[in-house]
Each structure stands twice: as structure tokens, then as C-alpha cells.
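Engineer: I am attaching a structure below and will ask some questions about it afterwards.
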Amino acid sequence: MYECFILAVGFASLPYRRPEVNRKIESLPITNGLRKSVPTIVYKRNPKGITLFWKRKSPVMPDYVRSYRIMVDQEPYGKLIAPDVEPKFQINLAPGRHKCQVEVIPKENDDEVFKTNTLTIDILPESGLKYERTQQREPSDIPVNSVLKQTDAPIPKLNVQTISPSSIRAQWYLDRALPTNVFVALFELHIRGQNFPDHMRSDEKIEKDGYIEHAWYVVSAPLEIQGISEEQDYIIFVRALFHAYESNDLNYVSTTSTEVITQNYHGFIELLTRPLLKVASIGLQLATLSWVLDSSVDQTLVKGYRIFLNSKPTEILLPNQHEYELRNLKPGTSNEIQVSVTADPDFVAEKTSEPIRIICPQRPQAPTIQAMEAEKPFSIQIQWTMNKDEQDVITSFKTFLDGKLHGVVETNGRQSFKYDFLKLKSEQTYTIYIKSFIEQAKLGGYSYQCEIESNASNELSLKCATPPKGTMPRIERMDSNGIAIVWDPPTEYGDVRLTRYEILQNGRSLGKSLPIDKQQVLINDLEIGNRYSFQVVPITNQPGGILLRKGDEYDSDRHSHYLPGPKLEVEYTDLVLLPKQFWIENITGHSVMICWSPIGESKSSSQQPDHYKLLIWNDSDSTSDKPMVVELPNDKTDASLKNLRSKTIYKIQLEAVKRRRHQISNDSYVVSAKSEILTCETGRPPDVPSNIYRIACTNTHARFSFDAFTEHNAEIIALRVNYKPTSTETNPREISMDIPPDSTEFILSNLIERTEYEATIYALTEEYLNEKHYQDVSRLPLKLEPSDWLSNKSFQFQTSGCEPVSKINIKRANTELIELEWTLPKVYGSTKYISQVLRWKLEHGGEEHSIKLDRNTKQYTVHERLPSGSYKISLDSYLSVKVNLEDDNDDTNRKELRLTTTETASVRFHVPVTCERPEIYLTGYTTDTIELEWSKPNLFSIIDHPEKVNEQLRIHRRLLAYRVEINGRQQNKLEGNQYKCTLAKCRPDEEYKVQLCAQTIVQYEYMDNMITNGTDDSDEPDELLSKPLSVRMLKSQDLLRSFQANFEFNHNDSNENIFRKQNEMKSLGKINVKWEVSDSKNILYYILQWHSSKDLCIQQKIVKNDETSSTIDALDEKQRYSIGIIIVTDDNHRLSYEELTIPIPGEPDAPNLWLVKTSDTSFTVEWSEPKLYGIPVIGFQLYIEGKKNGDIIQVNLRRAEIPSRINRSYQVTVCALTNNPLRSRSVMSATLSVITTPTTSLIPTIYYDNDDGNATSFDRSVARIIPLTIESINEEKLHIDWTSFLPTEEVRTYYIHYTCLNNGEVKSMKVAKRFRHSVLRGLRPGFTYGISVMAVDKSNGVLYTSDKSTVQMNAPPNAPIVAISERTTDRVKLEWRPAASYGEITVVGYKIFVNNRLAAILAHDQLSYTLTNGLPCDIYIVHVQALSSDKNVLSPMSRGIKFAWPGVKPGAFKRIDDGQTGAVIVVWENPQLEDETEKLLGYRIRSENVTTLAVRSHGEYDAATNQATIHNLTSGKYRLWLEIQTENHCVCARPIIIVSGRFGSLRNRASSYDASKCYIKNQRRFRSPAVNNMMPPIRHTQYS
């Protein structure tokens, strides 16, 4: 790189000038061989992208070219390429369109960089990079030769076949399988020889050393080459280029086949034709091929045939062989077969047929068969499923039984299959398996598929299903209810399992299904005297059988699945006799007497019972299946049962028994008869009352009623009531009282209020007294012993009473609001809580305010302007108390009670944090540190007075400390005088969000009791947070390791020198920038960029790569400089990093100065802390009349009292002093003119002749009065005129002295002697000012003065304070207080603005406004503006009241089907709820026929549903809408019109697809006649 300079010299000033000669400039051509070195690039696609290559154009190319750079999508790809490298490279591309070109980088830096042609490449989604990865512009760390070693790379095997005298076919394959992560990017087929035709086209042609070489780039074999000479020998070889999927290397791993030399053409081969090869037959993994030659060929010329399998010669056949059988084809292979014929026994030349491809598919997966329950008897059923992946491949399945083919099952598109083996022998075991089968197919062209079958499935050894046969039933019992039979379980065979039994009566089914564990049944509905036959039918789990229904006759063909057993013949006659009467006598607590009538002897002996049985049950000991049995002889007629349990229910039954034998089987059975069951119960204790009622309750008494005890053979002799408190804290004492046994009411006395009691009522019986051995009730103890005979019932109750509110919690109290919270009063028993009233009042004067609250309210906030002070807050709780024991429902027996709780709240004004927030800057960083810097924020602010209208507060704050927050976490505190810090131990490549927090407190000592301030939290600091500063740390691989900067002043420039040179652009100082890098070898240069916050013009400087620091001139004081660094690498990459922000220090701003008060001997001034710019203030200096006054004032002081004399004027200024010698002080404040004339009454003028204030003369006469005229110009300006005053010679100047009576602010304005009028500007509207004019002499002594005039400025009314008083779904009401007005201005009305549009104009006495018909969930903003008597004077807008209209806003409702089907599909969006706590319940869809007006409901849907389908709509036009149901609302979406039926056109159907809008049923839109052109959706109601 060269630098050129042009220097202009003025020759006219030279004393001896050489004569000028004629000079001529010629344009010389520049020759450059670089243009000849620009190649033309081409590409070939591969599985991962493309192979990019080009041809070297010139052998001297390295003399001009330094390197090549591949550009993909205008971005560098990979490393630079040397000119001597073979130009074949792998480019990985993602799916999509890409632009590719190559840049030629010259050796000389001044030469132009040339570019090749641009390739546009479209990569399909199924190719290119996987998973849509972005291109890597940098080479991967994994070279391809580390993934695939050169020794492990497959080598191509080449086979060359002669097709004709001028054409050959090259076929090749790899000698080994490729690794899974490696692919073939390209094959290069090279042919080298002496002679080639001119028209031969190849991808590359090379002429070298007397021979010509052609190369073709292909991705697969074979390749035919035509146009070669039949008399020449050629060398042919194949080169394979390999690449890895996970590598992004540009280079390849390559291997080369052995060279094959073609032979001269043999003449006889031309007389033969190519064999015509075809498929003769295809079998199981085999194929038979046949071929023929043309009929014109002389067969004697044929010397043999050769078979090629996959381009490899495999077998040589005799000339008379014309068939070849290809056996044992490997599954999953594709076999390409060719046959060649030759006229030479050595196959020097041969002609090859067209190939035929025999594909042997993958062996299908062997299925897994499972045995199923056979649906037919004497059969076996199996099932299996087919994988979805093989569904389109497998054509059928073969079934085998005992190793023999049994059948073939076609797939027919199914996935699951069943097969039955029928007519098998029982008890014989069969072996079963199947195979999957794929049949042969012609795939198109010369491709065929052979047959293949899977391996055998799993074998199953099974027996056929054989149903069991029923057994012979037997009689167990016979009685009047029927016949009970029993049987033995049958024998089971194979996998058939018995599930239940069926019974045949006279050959027909009874319809009784019996479980297998119950082998007996009672057959009812039999007629005495008939003969019956019974059979047992076993029912099995074998499917497919026809079940026996009730009444069905058994058919051996139809019901072949079930085999009934032998028949049981029974005659149902001669049943046993039973006594006619059966009863119970003498029931006691422990015994009972059973009686029955005798059976007459005249009856047949076959019907006489052998004996009797008494069957006895009770509820606790046994069940009805196993009663207690007592056997009695047949001559007994009664029995006594003793030792029975009391209070127990017994069931008793009499049974007559006789035993007989079956006539055929001789089996014994029982004939019996049973009587009805009699029930009796022994005596038991009385039942307790079902309910106990409280009639009335007071604080000390309670009245109760109860249901009577129920007796059960046990008489009640007395009732007793015991009661005591449940709590142990009240010293409970149990009380007992006895009442008559027939009582149903009692009264409890001497109770404690607000106490929980437990009471128990007892029933006393003779059984209890006898059990506990007491003779009388009076002898019973207070605490009764428990017993089963002591019936009792306990209950609890609480006496009445109340607890008032214990305390009112004052959560917040300030001049804006008082927030209160309390616990509700507690009531007990019959005491009722009615309501509550909240009252508040300023303790020292003020009106009491109150509000009635709901009884459930537990908190309230008083929203209003509150003067500071102590407030008395009272909460009245109103209760209703019961005064007697009459019925609780009678309210006439109650009285009202009020309980009051009082608290005191101190209301004070909390000074808001309105000062300046700190600003934090990044000034440096390294790999693990961050350097920060900041300036002290300005802590002075002015706000409006919270209580006094049109007054302001000047607030001084004191800085306590700083705190740094990192990522939201607080760190250690810093001192207030610190202005920088360093964050250490930062992590690489992590983002940090840094904030600086300044902790300040208010200096109340300067507020002079202007506000009432509490002391409870005045010591708590306020916190100010800066804006977050985000810093991203350097990465571990970044070149940049650190970047830092700092500023320093020019040591010769002070602020005085700067003042003198304001118009000169000179540097204030310099910014020192330094940085560090990890490695500078690959860096070309650095670029420093910077700009000031003042002009934002970016400047930059280029720094050499061997430099690590630089300086920048700073021209703008009190500004910030943003500095960035860019590292440019050898490959022209630009690396950018985080910018630094360097604040330029400067002198502090001028302080604000004002007069606090004056007296006859002194006046007090106050000033604010100035804004700082990196240079701290060490103190303040006062100046009077331009001279220093006193010593330096401490930095923490803001007020000074200056001695003075009356009737003098003083010019006061102040400045801040710093510790920086170059910026030693701030700019002077504005001059404050102070006139010490008393404000009460004028005194004679004192004249002074010197500056020390000593009086030299005194005129006792009254001072002359300056006549004064004041006129108002507007609300901010006054015209002061005293032209009628004639000044004397001593008068040197005038002062207008004016004091604001609202805030005590005193100001003066100096007027030259030649003027006797002036305009006061900047007055505050509505404020009152006291104004006077004074004439002073040359020593600032007051000569003359005017009377003090009081003037009140006109001002617009105050902005109204607006609040929402009521808000419902159909209306929102707003209210405001009357706006305050000043001077002659009065309020005449109000304007209402809704969403910045005028909605209404109200009269001055209308202080409320109601909005109606708003749209649910829409946002409304309401402003109110006061109108004054002067049409040009309006109040400011009130604070905007923003609210959302209550209700539910439906979403879009539309139809989405095409209208071609009968169903209608609608969807809807979720509705918007204004109240987020409200719950959405569901939806309902309704329709209305437009013609008939018939309304239908189409279902209800839950809240999670957003789509519905409507069926069964008849032809017609419908109005369809959606109802939305929430907890508090029911709204409808705007209906859509649909047309159902064939006559509906597409135009009509299209109307139903439009999105619907919200509408609410039975609502209308109203417009106000006054504002209908402004707010049509809102109706307003005006009232006062």
C-alpha cells in the first residue's frame, strides 16, 4: 500500500523562478495476465450438496494468483485455496436456492479482484444438508481423511465391454461396502489414447505428452463411450471421490481402479448379433433365463456364451446352451444378468445383450401366530397380524398342519388374519405353523421380482376343541315349592372350559343359567301329579355356539356346541302334610312359647311326617342359610324357647320332614313342607329423641324442645338433663336437673355468655335401676354410669353475645388516601350483626365524614384530598340482641346495640422521588471483568405543593450511597463519593444486566415546615434505579481479550482559557483507548469508530495490527463518546464487539439562586445543587456586587443569611467550587436582586454617600411617593407604569420589587433610568402579587418608593378531579367536584370528552355524567374540561379516567364447511371477559327458520369446545347464532345466515362464511341529539 501526497507551492513568491515548460500527460495501457487466470466453474450434484470444479487455464497462473476464495450466497465458504491445488471441492448446501462463484485474489494487493461466472443451484428438500442446518462458513475441525483413511477407502473394479467397433461400455463397482458415514461424491471415468474424433464431448479434455485424455464426471455406472477408433488401443480407468457426512472439509479422499487396455477389433464378432435375453420362468428365489440369436446368424460362428452377473463374468456356456437357471438368489439383492456371445474361444471380442434385472425382495418377517378359542367344535383356530411396513409387500400366507401345506390365505389389503383347521380328532395333538409369501411380479421394463417366503413362524402344539357331556342329575329335596336336583361336574377336554350350566325340562330349556360352582337347582312352577324329566347341559367358553333361550327345544344339529346328560324321570306326587295353625305366645325379654295344631290320624300314612324341625334365626348370630335347628317328634304340638337375648329380633319356622327313595335309581331324598316364618322381638331400651330444637337463647338462658322417647317393653320413670361448658378455661361446673317423663320442653339457666355448652338428656328405666342396684331415682349420682339400658342423647349449643372490632389497621395514610382494614365483629347465638358505619374527622377542626358499609366489608379506602394532620377514625358496629326466651323468629323481642372502635391516623405528605436518575456507562471490559463509571445525579427538584393551590416546593436531597444490581440481584453498597467500580469474576459469553441504584433522603431542614412531615419513615432512603445496561462478555475463542478507555484533560487548558477561546474548535483533552488480542497473526488491521452524543457523526481511524492503543481528541465537553473497535482478519472478516461509553467531564452547571426571606438586619438566600458532569463539588462561594462574600460554604449547606441594611439593593450570585484545577468552579448563577425595604410601612429614606453604609445625612421629611399604575395584559403579564414621576439627578436606576403572596417568593427587576415603565413577565396565573417600584442612587440606596399594590392574576379554572362512582354492564357514572376559579374568571360549564371526542357540554351545576350502551371489554378514556366566562380561557384537561366496559365480548363466529354436505360446521373464537375472575361456563347454538320463525337448539358445549357440527337441518334459510354463558352474563354472537338444502346457491352460502360480530339481544342503539355526530356508540344522561 502506498501513500500519495500533493503539495501546492506558490511559485510567484520565489525570487528566481525557472521558466515553465510544456508538459504532456499520456494514458498508458496496463497489461495484466490475471484476467487469463479467471476460470469457468461448473458443478455436479451429490448426496450432500455439489462438487465444484474448474479447469486451469494457464500454466503461469501461480505467477499472478495468490489464492482462490469460494463465495456462497455472497459469503466466503471455507479457507482460501492455493492455485496449485486440484480444483475439485465439496460444497455442503442446505435445501433452497443458492448463488455460487469464485473470487480470484491477485498476488499484488493493488490489483483488482476478479470473479468467475455465477452458478444458481436449487437444492431440493429431500437432498442437501440434513435437519435444515445452516451453512458453515468456516471449515470443520474434522478433515475428511480422518474419517475415512486412504487405506480403508473402497477401490473401483472396472469392466469394459465392446458394444460395436466404435463404442464400448464401461461398468464398475466398489470392492467393499461403504461405511455408513461416507458417501461417493463423484466418479471420474478417464480414457487415454492417440486418436479421438473432434465431435467427442467430455467434461474435461487434456492434451499432454503426445496423447489425449478425456474425462467424464458421473455419479453412477455404467457409461457408454462412442466414437473411438477400432484400430487404436485405449487405456481406461475409474477414479472415485469420497466424502463424509459429518465433515465440512473442501477436499476429498480418492481411489483409482486398475487400468484396462482395449483390444483391436476382431472381425468375426461383427457377423454375430447381440443375444436377445428374456425370462423363461420365475420360482422361489430362482429365475430361468433364455436367449436367442437372430435367425440370419450362422450358428457355426458361435464359440460360446458367457454369463455376466452384476457386470462380473460368472460362467461360460456351450454354444448349444440357450437357458440358464439362477438359483438361491440372496434376499434383498438386485441382480443384473447379461449374456454375451463370442466368435473366439478366448472371448477376445464379444457382444453383450441388454441387461435383465432380477430382484429378490427382502425376506419377509416371520409372523407370530396365536391360538384362539375355536368357534366350531372339533376345530383349532389361530390368528396373526402383519406389520404395516410389509403390508404392501406380502401377498399371501401359507398354513401348515403337521408339516404339510394345509391352505393359502390371501392378504387382500388386510392387516390381521384368522384361520380354522376343521374336522379334527379329539384328544390328538397337532403341530401348526405358517409362512409369509411374496409372489413373482414384473416391475416394468426389464426388471422382474422372484418369489420368496419367510422362515417358519412359531410352532403351536394344540388339541381341537371338544365340548364336555352332562352328567346324570339326582333328587335332593321335594316340597310344595318344587324339586331340588344335584349333579356331578362333567369331564373337560383340551382348552374348552366349562363356564355354566343350563337345565332342560322335558327337553326344553328352563332359561336358568347356573355358575359352575353351583351344582344344584330348585325347579319351581311344577304341578302336583305330573311326571317330569330333567337334563343338565354344560355350557363352555367356545365361541360360535347358539345359546339356549328359555323355551327352546334342544336340537343336536343346531346346538352342536353343547352335549346334554342323561334324563332324570320324576313323579311330582304325595307331598307331606303340615299343621294348619302355627303361632307364638308369652313373649318376654328372654323366652318365647311356640305352638301348632296336630295333624289328623285319618290322613294317609305316606303323607304323615316322620318328625318336626323348628328353624330359629336372630339378627346377630346366624343367617337364614344356617338357622338354629331344634328337632321334635311328630306327636309334639308346642315348644318353649328360653335363654334368649333381650332387645333381639327372632324368626321362627316349622318344618315337617319325611324321607323317600327314587323308584329307578333307588337314591334317597327328602320330602318336606314349611310353614310361614313368624317374627318376634324381646324387650329393649327406649329410643332416643330424633330431634332436639332450640326455641330461644339469650346471653344467660336457653330454651329447648325435643321429641319424646319411644318405649319398647321398658317403661320410662324419669328424665334427667346434664349440661356444662365445653371449654376448660372457664372452670366448667356440671349442672343436673330432673324433669317428668312425659316432658318435651326444658329451660337451662345460669349460663355464661358467648360460651359453648354440651348437654345430655337421659331416659331412666326400671331395668337400669335394677342393673345398677339402685332403689330410687333420687339415689342416682350426678354422673351416671353407662349402660345399654341408659338411653341418652347429647347436643351442643352456644349462648348469645358479641365481640366488637378489636383494632382498625391503618395500612396507608397520606394526603391522597387513607387505607383501612379490620376484622369483622364476632356474634354468637341469637345475636345478629346488622351493618357498620365508618366515620373520620380531623381532630383539630374539620367536618366529620361518614359512610355506611355492608356488613361483610372488611376494608375501605378513603379517596379524597386530605389535609395533613391527625385524624380520628371510628367504626360503628350495629347489632341486634335478644332480650327474652320467646320464639327466635319474633323480632319484636329484640333491641339494637352499637359498638364503636376508634383509632387515630396521622396523615402526612410523602415527598415523591422526582430528581434525576443516575446514568451508568461501560468504560472497559476484559475476559472476566467489567469497568463501570457514572456521574452524581442532580438531586434538586421542584414540585407542586400537595395542600396549597398554586404553590410549589423546592426539594433538596442528600445522597447516602450507591448500590449495584446485577441481573436483578443486589450487590454490596458503595460510598456516595465513588463514581466508578469494576465487576470481577464474570463468566465468558454470558450477558449481564447492570443497574445503579442511588439511595437518597430529603433534607427537610430546608422546607421551613411548608408541609407536615411524619418522623416514622423520614429516615428510610428513597431509591433511584438507572436504566439497565446490558453487557455481553467476550467468548473464550474471541480474538479480543480486553477493551478499555479513559479521558484526561489537556493540562494547559483551564476553564478560563476555554472561555477566551469559545469560538475555536480545540481539543478539550484526549481519550486513551487500549486493547489486547489473543493472536495478531491473522489480523490485518483494527478500525476504531467513535461519535459524540452531540453531533452523532461517526468517525473512524485505522490502526495497524501491531498496535494495541490509540488516542482520540475529545472536542465536546459534558457529552458522551461512544467508542467501538472492529478487528479485520486476513479473510476480510469484520469482528465487532461491545461499544464503550466515555463521559467527558465538565464544569458543573450554574446553581439556581432565590430569596428565602428578608428582615431589617439581614436577608436569607438559598440555592440548589447544580448538575454535575464527573467533577465533584467541594463547596460554594457567594458573591455580592461581584465580590466574594465570606469563606467557602460547605458542600452540604444550601442556605446562607447575609447581614444587610434597610432601603438598600444587593446583587447576589453564587457558584460551585470543584477540586479540579482545570475546572475550578461552575458558571455563576443568575444575579439575584435583593431590596431590603421593609414590607410593613415606609420609613423616611436614609441616604448613603459611601459603600460602607455609614449615614452622612438624614432627611426627616417624608420620602416622595412614586405614583404607580398597573394594567393586566394577560394571565402571565402585567404592565407597570410610573411615567408621572419626575426623577431627580440623584436617581441612577429603578427596581420593581414584587412578592408572591402565595408562596412568599420575592423577586426584583432592574429598569434603566431612561425608562419609567416596564412589563413583568412569567407571573403565575391565579397568584396574588405585592408590587412596588423603588428609585436608588449610585450607592444602591433607596431614594423614593411607591405604595405597595396588590394584584391577583387572572387564571383558568383548575382541572376537575373526576372519579367513577358507579359501574354496571349497562351504565358507567362519573362524578367530579366543582372546579376552582380565580379572579374574575368563573366556571360556566363543562365539556365531556370520550376517547378524545366531544361527547357532551354540561351546565356549571351539572357535576355528573352517565355513559350507557358501551361495548363490552372496549376501553374508554374520559376527560372533563371546565369552561370559563371568557371563551378563550379553558381549564386543563382532567386526568383521564380509563376503564373497560363490563361484560363479555364474543369472538368471531363463522361457518367453515363448503356447503356441499348436509351437515353445517361452525367455529368460534374464545370470548373476551372484562372480569378476569369470572368463569366461562359454556356455549349453546340456536337457529331460527327465517320463513317459519321456528327456533331450535343444537346442543350445549363446554368452555373448552370451539367447533360444532349441526345435522338434520331441513331445506330452507336459517339465522344461526351462538349463546355464551358465564357466571354473570349470557350474551350472543352476531348471527350468520345459512342456506340448507340443494336449492342454496354458492352465492347464498358464501354469505354464511363471513365472520360475525358481537351483538346483545334486545338492545338498541341510542344517540343523543346534542352530540350524535361525535359519539354514536355512547348515550349520555345529564343530571346533577
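The values are calculated or read from the model by the stated rules, or taken from the named source; none is laboratory data. As the structure is a computational prediction, the values presented were derived from the model and not from experiment. Virtual Cβ from ideal backbone geometry, glycine too; neighbours counted across all protein chains shown. Keep in mind that these areas ignore ligands, DNA and RNA; they rest on the heavy atoms of the full protein, side chains included. Shrake-Rupley method; radii C 1.70, N 1.55, O 1.52, S 1.80 Å.
Engineer: Taking a cut-off of 16 Å between Cα atoms, list the lysines near residue 1307, but don't count ones fewer than 8 places away on the same chain.
Structural biologist: Within the straight-line cut-off, residue 1307 pairs with 1157, 1277, 1348.
Engineer: Could you derive backbone 3J(HN,Hα) for the stretch 366-376 from the dihedral phi with the Karplus parameters 6.51, -1.76 and 1.60 (θ = phi - 60°), listing whole Hz in sequence and x where the residue is Gly or Pro?
Structural biologist: 5, x, 10, 9, 10, 7, 10, 5, 5, 8, 10
Engineer: Sorted by mean Cβ packing within 10 Å, highest first, what order do the peptides 842-850, 1385-1393 take? Working shown, then result.
Structural biologist: Working: 842-850: 10.9, 1385-1393: 18.7.
Ranking the peptides 842-850, 1385-1393 by packing returns 1385-1393, 842-850.
Engineer: Sorted by accessible area with a 1.4 angstrom probe, largest first, how do 1097, 1215 fall?
Structural biologist: Heavy-atom accessible area, descending, gives 1097, 1215.
Engineer: Follow-up question, since we're still on this one. At 7 Å along the Cα-to-beta-carbon direction for both residue 1187 and residue 512, put a label point, then send me their distance in nm to one decimal.
Structural biologist: Placing both labels 7 Å beyond Cα along the Cβ direction yields 13.9 nm.
Engineer: For P(r) over Cα pairs in 20 Å bins from 0, in percent, which listed value, [x] 5, 12, 17, 21, 20, 15, 8, 2, 0, 0; [y] 7, 24, 30, 22, 12, 5, 1, 0; [z] 8, 28, 29, 19, 11, 4, 0, comes from the coordinates shown?
Structural biologist: Label of the calculated value: [x].
Engineer: At 1.4 Å probe size, with no ligands or nucleic acids counted, give the accessible surface of residue 493 in Å², nearest ten.
Structural biologist: 80
Engineer: Continuing with the same structure: On the accessible surface of the chain, probed at 1.4 Å, how many percent belong to carbon and sulfur atoms? Mind dumping the intermediate values first?
Structural biologist: Details: 39660 of 85400 Å².
With neighbouring chains kept in place, the figure for the chain is 46 percent.
Engineer: I've got another one for you. Need one number: nm distance between label points at residue 1469 and residue 344, each 7 Å from Cα along Cα→Cβ, rounded to one decimal.
Structural biologist: 8.5
Engineer: Now for a separate question. Would you check the accessible area of residue 983, probe 1.4 Å, heavy atoms only, in square angstrom rounded to 10?
Structural biologist: 20
Engineer: Nearest 500 deg cm²/dmol is fine: what mean residue ellipticity at 222 nm does the chain get from its DSSP H runs of n ≥ 4 alone, each adding -39,500 (n - 2.57), divided by its residue count?
Structural biologist: Theoretical 222 nm ellipticity from helices: -500 deg cm²/dmol.
Engineer: I would also like to ask the following. Considering only lysines 8 or more places apart in sequence, or on different chains, count the pairs in the stretch 581-705 whose C-alpha atoms sit under 26 Å apart.
Structural biologist: Taking the stretch 581-705 as the scope, the lysine pair count is 24.
Engineer: Can you give me the relative contact order of the stretch 438-577 as a percent, contacts being Cα pairs under 8 Å and 6 or more apart?
Structural biologist: 26
Engineer: Residue 1042's amide H: which non-local residues (gap 5+, or another chain) put their own amide H closer than 5 Å, with H modeled 1.01 Å from N in plane and none for Pro or chain starts?
Structural biologist: 1076
Engineer: Place +1 on the Cβ of every Lys and Arg and -1 on the Cβ of every Asp and Glu in the stretch 210-287, take the dipole about the Cα centre, and give the residue among 276, 218, 247 whose Cα lies farthest towards its positive end.
Structural biologist: 276
Engineer: Please report Rg over Rh for the stretch 1139-1190, where both radii come from the alpha carbon positions and Rh follows the Kirkwood definition. The partial results should precede the final answer.
Structural biologist: Details: Rg = 15.8 Å, Rh = 13.7 Å.
We get a ratio of 1.15 for the stretch 1139-1190.
Engineer: So if I place +1 on the C-beta of Lys and Arg and -1 on the C-beta of Asp and Glu, and nothing else carries charge, what would the dipole magnitude of the chain be about its Cα centre? I want it in debye, nearest 20.
Structural biologist: 3480
Engineer: Straight-line reach from residue 425: which lysines have Cα under 26 Å away, leaving out those fewer than 8 places along the same chain?
Structural biologist: Cα-Cα hits under 26 Å: 376, 398, 404, 435, 463, 469.
Engineer: A follow-up question, please. What is the set of long-range amide H partners of residue 458 at a cut-off below 5 Å, with H atoms built 1.01 Å from backbone N?
Structural biologist: 369
Engineer: In terms of modelled amide H atoms, which long-range or inter-chain residues lie less than 5 Å from the amide H of residue 791?
Structural biologist: Those qualifying (amide H under 5 Å, at least 5 residues apart or on another chain) are 763.
Engineer: Please give the FRET efficiency for residue 1365 paired with residue 859, using the beta carbon to beta carbon distance and R0 = 25 Å, rounded to the nearest 0.05. Kindly include the intermediate steps, with their values, before the conclusion.
Structural biologist: Working: r = 19 Å, r/R0 = 0.76.
Approximately 0.85, to the nearest 0.05.
Engineer: Could you pull out the pairs from 303/330; 1027/1171; 48/442; 388/442 whose alpha carbons sit more than 28 Å apart here?
Structural biologist: With Cα atoms farther than 28 Å apart: 303/330; 48/442.
Engineer: Give, to the nearest whole percent, the P(r) tail of the stretch 686-774 beyond 15 angstrom, counting all Cα pairs.
Structural biologist: So the portion of pairs separated by more than 15 Å is 63 percent.
Engineer: Efficiency by 1/(1 + (r/R0)^6): what FRET value for residue 1197 and residue 1265, r their Cβ-Cβ distance, R0 = 41 Å, to the nearest 0.05?
Structural biologist: Using R0 = 41 Å, I get an efficiency of 0.50.
Engineer: Step through the table entries 793/832; 832/1373; 993/1070; 79/115; 832/852, compare each Cα-Cα distance with 23 Å, and write down the pairs that go over it. Intermediate results must be reported in sequence, preceding the final value.
Structural biologist: Details: 793/832 29 Å; 832/1373 34 Å; 993/1070 29 Å; 79/115 17 Å; 832/852 17 Å.
Pairs exceeding the cut-off: 793/832; 832/1373; 993/1070.
Engineer: Here is a follow-up. Give me the accessible area per residue for the chain, probe 1.4 Å, as a whole number in Å².
Structural biologist: With all protein chains present, the chain gives 54 Å² per residue.
Engineer: Any chance you could run the full-extension gain for residue 606 through residue 1507? It's 0.36 nm times the residue separation minus the Cα-Cα distance, nm to one decimal. It would help to have the intermediate numbers written out before the result.
Structural biologist: Values: separation 901, 0.36 × 901 = 324.36 nm, distance 8.12 nm.
My answer for the length gained is 316.2 nm.
Engineer: Projecting each Cα onto the charge dipole of the stretch 828-979 (Lys/Arg +1, Asp/Glu -1 at the beta carbon, about the Cα centre), which of 968, 978, 885 comes out farthest on the positive side?
Structural biologist: 978
Engineer: Using a cut-off of 12 Å between alpha-carbon atoms, which aspartates and glutamates can reach residue 841, once sequence neighbours fewer than 8 places away in the same chain are excluded?
Structural biologist: Result set, ordered by chain and number: 903.
Engineer: May I pose another question? Quick one: 3J(HN,Hα) in Hz for the stretch 744-752, Karplus 6.51/-1.76/1.60 with θ = phi - 60°, rounded, Gly and Pro as x.
Structural biologist: 10, 7, 7, 10, 9, 10, 6, 9, 9
Engineer: Applying a 10 Å radius around every beta-carbon, put 690-697, 286-293 in order of their mean neighbour count, most first.
Structural biologist: 286-293, 690-697
Engineer: Between residue 219 and residue 1067, what's the calculated FRET efficiency when r is the beta-carbon distance and R0 is 41 Å? Round to 0.05. Kindly include the intermediate steps, with their values, before the conclusion.
Structural biologist: On the way: r = 68 Å, r/R0 = 1.65.
The computed FRET efficiency comes out at 0.05.
Engineer: Using the Karplus curve 6.51 cos²θ - 1.76 cosθ + 1.60 with θ = phi - 60°, what ³J(HN,Hα) values do you get for each residue of the stretch 199-208, in whole Hz, with x for Gly and Pro?
Structural biologist: In residue order, the calculated couplings are 7, 5, 10, 9, 6, 8, 10, 10, 10, 7 Hz.
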